[in-house]
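The values are calculated or read from the model by the stated rules, or taken from the named source; none is laboratory data. Keep in mind the model is a prediction, meaning the values are calculated, not measured. Neighbour counts are summed over all protein chains in view; Cβ atoms, including those assigned to glycine, are modelled from backbone coordinates with ideal geometry. We work out accessible area using only protein heavy atoms, side chains counted, and drop any ligands, DNA or RNA first. Shrake-Rupley method; radii C 1.70, N 1.55, O 1.52, S 1.80 Å.
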Amino acid sequence: MAYDFSKARWFRALRNALLAFDSWIDSTIYSAGVESGELWRDFSSFMERFHARGATRFAADLACEGLTLGVFGGLVIVALAQPAFRLTGARDWLKQTDLAVTFQDRYGKEVGRRGILHDDAVPLDEYPDYVIQAVLATEDRRFYDHWGVDPIGLLRALTVNARASGVVQGGSTLTQQLAKNLFLSNERTLTRKINEAFLAFWLESHLTKKQILRLYLDRAYMGGGTFGIQAAAQFYFGRSIKDVTLAQAAMLAGLFKAPTKFAPHVNLPAARARANEVLNNMVVAGYLQENQIADALRHPASPVDRGPVGSAPDWYLDWAFNEVRALADAGKLGKDRVLTVRAALDSGLQQKIEDTIDQMLRENGPSANAHQAAAIVLEPDGAVRALVGGRDYAVSQFNRVTDALRQPGSSFKPYVYLTALMSGKFTPDTEVVDAPICLGNWCPKNYGGKYWGRLPLWEALAHSLNTVAVRLSIAVGDGNARLGRKRIIATARRLGVTAPLPDTQSLPLGADELKPMDQATAYSAFANGGKRIAPYAALEIYNSRGELVYSHDRDGEKPLQVVDPRYVVELVSMMHEVVQQGTGRRAQLPGIEVAGKTGTTNDYKDAWFCGYTGNFVGVVWYGNDDSEPMNKVTGGTLPAATWHDIMQYAHTGVDLKPLPGMTLEAQQAPPAQAADAGGVQVLKPREQLSRKASEALGTIENLMKSSGEIHGGLELPRRHYAQAETVFAPRRLSPVIDLR
């Protein structure tokens with residue numbers, strides 16, 4: 001018989017409790033609903049007071065949308081400015097830039113300075129008023145009124161530039177310019193401008209206006225290898241900034257905009273015209289009256305005579321200074337901040353590259369629609385002999401060798417072919433097929449639209465066939481194109497390429513952007529037998545007491561073997577044929593074995609020649625900063641011709657070294673004579689001189705000056721360098737290497 005729970009007392013009590021709880025829930029929900037309704041009616045009644053109609057509502061909606069977009073934009077800008085905040089994270093951020101570096105070329109000749117000169121600073125209170133007024137009237141008239149960024153000045157600059165249909169007036173404040181000088185590079189990007197603005201705010205919040213002005217006057221580059229207005233006054237006028245005249249102050253203030261272009265020792269008419277602009281700016285700004293500048297206009301300043309002046313290797317020095325600063329930050333140079341650096345720079349070669357690029361662009365640029373070029377030459381161990389980052393440093397300080405990302409085109413293909421050789425599936429004589437191929441909807445074609453059918457691998461590289469490069473990318477991935485591209489990227493990384501290299505279908509054809517420095521680094525491994533190098537400038541660094549604190553031979557990064565030499569020998573033999581009978585024939589050097597690769601991108605936006613001998617590696621790029629297409633300029637035209645002229649000079653008088661896998665039997669050095677400015681036949685030195693030899697050369701030069709053989713202002717003829725080298729640097733026999 002089943003038990004009836006419904007009659008149990010505890011069951012009835014439980015049921016009543018549950019019914020009471022249910023009733024409480026219903027009552028609570030009902031009460032909450034009633035109260036919520038009353039609150040909503042009260043809220044609606046209150047908000048009715050703010051109800052807007054017509055123009056008022058439109059303005060309110062517009063303000064709301066503006067606030068939303070402003071908050072969102074602010075978050076984006078803050079995210080982009082994170083690198084700027086990191087730059088100021090170190091406690092000694094100011095001391096990190098507090099270096100004074102004097103640079104010498106490889107032969108011991110001073111070629112320029114970078115950093116701040118510690119021993120010649122003058123207190124700002126001792127500057128003449130018109131010096132400060134000239135700077136502010138020209139660079140930042142509202143300096144004492146803004147907080148780092150000047151919206152009014154920016155709007156004024158935009159208006160003036162729009163009326164002039166060009167850039168006539170800049171919108172950056174003096175604080176923004178200081179932020180760029182202290183923390184940033186000269187690259188023209190939106191990210192840099194955002195970082196510059198945030199750093200300007202940061203400087204304004206941490207420094208006084210007087211400190212900012214003082215730092216700006218001490219750190220700005222003023223041309224002639226000088227940094228700071230006091231050093232510039234000494235260099236150009238032979239006097240302290242305390243003693244300059246109004247005309248001289250105006251000429252100095254005019255240098256901040258374009259120090260190389262308006263340097264009075266280089267272009268005095270341009271410097272005087274710029275000084276007149278500064279004087280007129282002082283009148284417009286209200287600092288002076290017209291009658292007060294009349295004498296300065298009638299009697300413009302003249303610089304002291306410094307004899308014949310050559311162009312400074314500014315792009316090279318900018319890059320070398322960054323290297324020295326990195327070594328100092330790493331604690332490798334001690335605590336001394338005044339340094340002398342003997343660099344790997346060959347001043348003659350540097351000037352040759354600048355002259356060659358200028359001549360090529362003057363003669364061929366208009367018809368080819370080519371307005372920029374860059375080049376670098378280095379030794380296979382990474383010692384950079386010369387570096388030219390553009391056509392004119394006075395117009396643009398942006399270094400296209402170290403900072404510009406450009407599509408390499410077919411000059412990327414050696415990484416594809418090396419990956420194929422390393423896979424063990426291919427040799428230079430392996431037959432491949434040049435025929436149409438498609439990956440999905442992408443169907444690459446050869447330049448000219450011609451297909452060669454079956455041919456050996458070396459010939460496919462010599463003629464830069466696109467379909468073969470794509471087929472190789474599939475083959476090295478065992479049929480998987482994505483895996484093949486991943487292995488090609490790994491090869492490029494192994495050789496020293498640092499660019500992002502995203503995985504795209506067209507990567508084997510050079511669609512991913514690289515820097516010319518990346519190409520120079522990677523191609524050096526081909527010239528030295530498969531060793532990855534780190535490009536460097538500093539051979540030796542001395543402190544202010546003349547003590548050697550750094551030697552690259554002793555302290556620098558050593559080349560690292562990253563590729564089996566036998567694969568490098570095979571690739572070199574193939575790239576040699578590119579120059580002998582392929583697209584790079586214009587780069588041939590009489591009596592010298594050359595290997596290399598041309599590169600041309602879609603619509604002729606970029607043209608390259610990257611080549612090497614047993615002695616040097618050289619990379620040449622032509623293009624336009626705005627990526628405007630050139631007029632059918634290929635890597636085998638202007639770049640190869642420029643490379644030829646540069647390298648012919650570079651090899652003059654040097655002991656030739658063989659390419660990996662080749663001998664010197666067929667090579668013969670070109671005539672080791674070149675005329676200097678005075679018509680004297682001179683020899684170009686082969687090896688870098690030791691410090692002892694450089695000191696001895698100084699003694700020789702002084703003796704020759706005293707005897708009248710060298711007149712004041714003329715450089716020691718290079719034949720004496722060669723003679724001194726014979727005495728102080730014993731000759732070494734060039735090795736004959738045959739790795740076959």
statement: In nanometres, the difference between 0.36 nm per residue of separation and the alpha-carbon distance of residue 405 and residue 145 is 89.7 nm
field: Stretch gain in nm, segment residue 561-residue 24, where the contour uses 0.36 nm per residue and the Cα spacing is subtracted
entry: 185.0 nm
- request: Output the peptides 34-47, 519-532 sorted from most to least packed, where packing is the average of other Cβ atoms within 10 Å over each peptide's residues.
  value: 519-532, 34-47
query: So, by mean Cβ neighbours within 10 angstrom, what's the order for 198-210, 336-348 with the highest one leading?
result: 336-348, 198-210
message: Can you give the FRET efficiency to the nearest 0.05 for residue 585 and residue 322, using r as the Cβ-Cβ distance and R₀ = 25 Å?
response: 0.10
query: For the peptides 428-439, 586-597, what is the packing order when you average, over each peptide's residues, the other Cβ atoms within 10 Å and list the highest mean first?
result: 586-597, 428-439
- prompt: For region 397-507, with every protein chain kept in place, what is the accessible area per residue (1.4 Å probe, Å²)?
  reply: 41 Å²
- prompt: Hey, which lysines would be in cross-link range of residue 261, C-alpha to C-alpha under 22 Å, not counting anything within fewer than 8 residues on its own chain?
  reply: 180, 352
statement: The extension gain from residue 283 to residue 38, computed as 0.36 nm times the residue separation minus the Cα-Cα distance, is 81.1 nm
statement: Heads up, region 459-586 by the C-alpha gyration tensor (a ≥ b ≥ c square roots of eigenvalues; a/c under 1.5 rounded, else a/b over b/c prolate, else oblate) looks prolate
